[in-house]
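The values are calculated or read from the model by the stated rules, or taken from the named source; none is laboratory data. Since the structure is predicted, the reported quantities are computational estimates derived from the model, not experimental observations. Note: ideal-geometry Cβ built from the backbone for every residue, glycine included; neighbour counts use all protein chains shown.
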């Protein structure tokens, strides 16, 4: 079995070295490259084609979100984990919209980094408990606000419903296409049509809609009181 090949990008050398040390201690994992800014990360991914890229959100030259977009545009199979010191909801949403499969806080990295990379290795998504709580809180708030209101649910075709479920469960456009046996462009068209029908403009919005309407499962483990991250 081939090693899992990982790129680590962070402009702080001490942080980068600490992450590399954690990752290299795991059997079967190889840190194949490191980068100190977003542009270097994009170039290294293009050159070396790692399986996972761990990107600091606040890198110079090109930030982690823009680097994510550029990496996935040309290398859609790379799974990206965003690393940050902030858990602001707008940043989480931006990371998901850019295509990142995971989002962890630097303060949690020593405890959850290995679990996060394992989740991505097995095609899951991963968010620290605080971030998972944000998704659940948004879902519950929407449910509360909707009580007593008549909701008009648009009509979805069978394919659109399948695409919505998979997107809400964290699958990328290319993964949705592979799972449903369609072209990536077709999957993207379905997602665009769904967002237009719902008047929703973000992946997080689609997630909340799918949770609220029983199309996808709510990540209830986010409220177990623990401080571990959640694969969702």
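In table form, for the structure just shown:
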read-out: 3 or more residues touching a residue at least 60 places away in the same chain (Cβ under 8 Å): qualifying strands (runs of 3 or more DSSP E) within the range 19-106; value: none
read-out: Given (1) surrounded by fewer than 20 Cβ atoms within 10 Å (Cβ to Cβ); (2) under 15 Å from residue 10 (Cβ atoms), number of the condition residue 76 does not satisfy; value: (2)
read-out: Meets criteria (under 19 Å from residue 20 (Cβ atoms) and surrounded by 23 or more Cβ atoms within 10 Å (Cβ to Cβ)) for residue 95; value: no
read-out: Sole exception among (1) crowded, with 18+ Cβ neighbours inside 10 Å; (2) at pLDDT 85 or above; (3) farther than 20 Å from residue 29 by Cα; (4) out of contact with any helix residue (DSSP H, G or I) (no Cβ under 7 Å at 6 or more places or on another chain) for residue 161, by number; value: (1)
read-out: Test: residue 90 is surrounded by fewer than 19 Cβ atoms within 10 Å (Cβ to Cβ), more than 24 Å from residue 201 (Cβ to Cβ), under 16 Å from the mean Cα position of the chain (by Cα) and not assigned by TED's automatic domain parsing to the domain that holds residue 173; value: no
read-out: Checklist (1) surrounded by fewer than 18 Cβ atoms within 10 Å (Cβ to Cβ); (2) more than 19 Å from residue 84 (Cβ to Cβ); (3) in contact with a strand residue (DSSP E or B) (Cβ under 6 Å, 6 or more places away or on another chain) applied to residue 44, failing item; value: (1)
read-out: Condition check for residue 123: modelled with pLDDT under 90, on the phi > 0 side of the Ramachandran plot and not assigned by TED's automatic domain parsing to the domain that holds residue 169; value: yes
